[in-house]
Amino acid sequence: MEEQRTKLYGLIAEFENAETLLDASRRAQEAGFVEIQAYTPFPIDGLSEFVNVRRKNWVPVIVLIGGIFGGLTGFLMQWYAAGVSYPINVGGRPLFSWPSFIPITFELTVLGGALFGAFGMLILNGLPRLFHPVFTMPQFRSATNDRFFLCVQSTDEKFDPLETRKFLEDLEPVEVAAVFES
């Protein structure tokens, strides 16, 4: 029984080493492709210049927002508890004695920033990703061991299935295959 194919995700080329992948990525960018992804078993210097990598890093902004949220939450929680909900006059100090609130406020600022940063990073990375279209390709299991893959996505403006396949085959990969979304 033939498996059902749905929408084309892109074309993927398999390479034997990092140098050929880096050269292929450079040539793909020079050819005008924008929506390209590389899959490698280890980081390759200079590869991010050629593949579709988002340049804007939102994690510091998310950490700042989380820190402000955590600090304000800690401060307001203490103010409400000590000054409004259960005021106790100890040694003649004022009910709203903010210097005593600093340690908890600091700790919740750090905690809020850390939690927002961790969850923000996961969300921005699209994790947890339980399925990706390239996982359906049997050869892709080698991507974590000794193979290098370059995928041109079908969402690229320049993508044409026949011409893109010809372009990838001209890069002399081990194999070029179509990747489908299901």
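The values are calculated or read from the model by the stated rules, or taken from the named source; none is laboratory data. A quick note: this is a predicted structure, and the numbers were derived from the prediction, not measured. Glycine also receives a Cβ, built like all others from the backbone with ideal geometry; neighbour counts cover every protein chain displayed.
Filtering segment 119-133 to residues that are modelled with pLDDT of 90 or more and either within 15 Å of Ala38 (Cα to Cα) or touching a Pro at 6+ places or on another chain (Cβ under 8 Å) (or both) leaves Leu122, Pro133. Within segment 127-182, the set of residues being of a type in the set (A, V, I, L, M) and not in a strand (DSSP E or B) comprises Leu127, Leu130, Val134, Met137, Ala143, Leu162, Leu168, Leu171, Val174.
The residues of segment 92-126 that are in a helix (DSSP H, G or I), of a type outside the set (Val, Ile, Thr) and closer than 12 Å to Gln78 by Cα, listed by number, are Trp98, Pro99, Ser100, Phe101, Pro103, Leu108.
Per the listing Phe116, Phe96, Phe149, Phe167, the residue uniquely outside the structural domain of Phe33 (by TED's automatic domain parsing), modelled with pLDDT of 95 or more and aromatic (Phe, Trp, Tyr) is Phe116.
Could we say that Ser85 is at pLDDT 90 or above and hydroxyl-bearing (Ser, Thr, Tyr) here? Yes.
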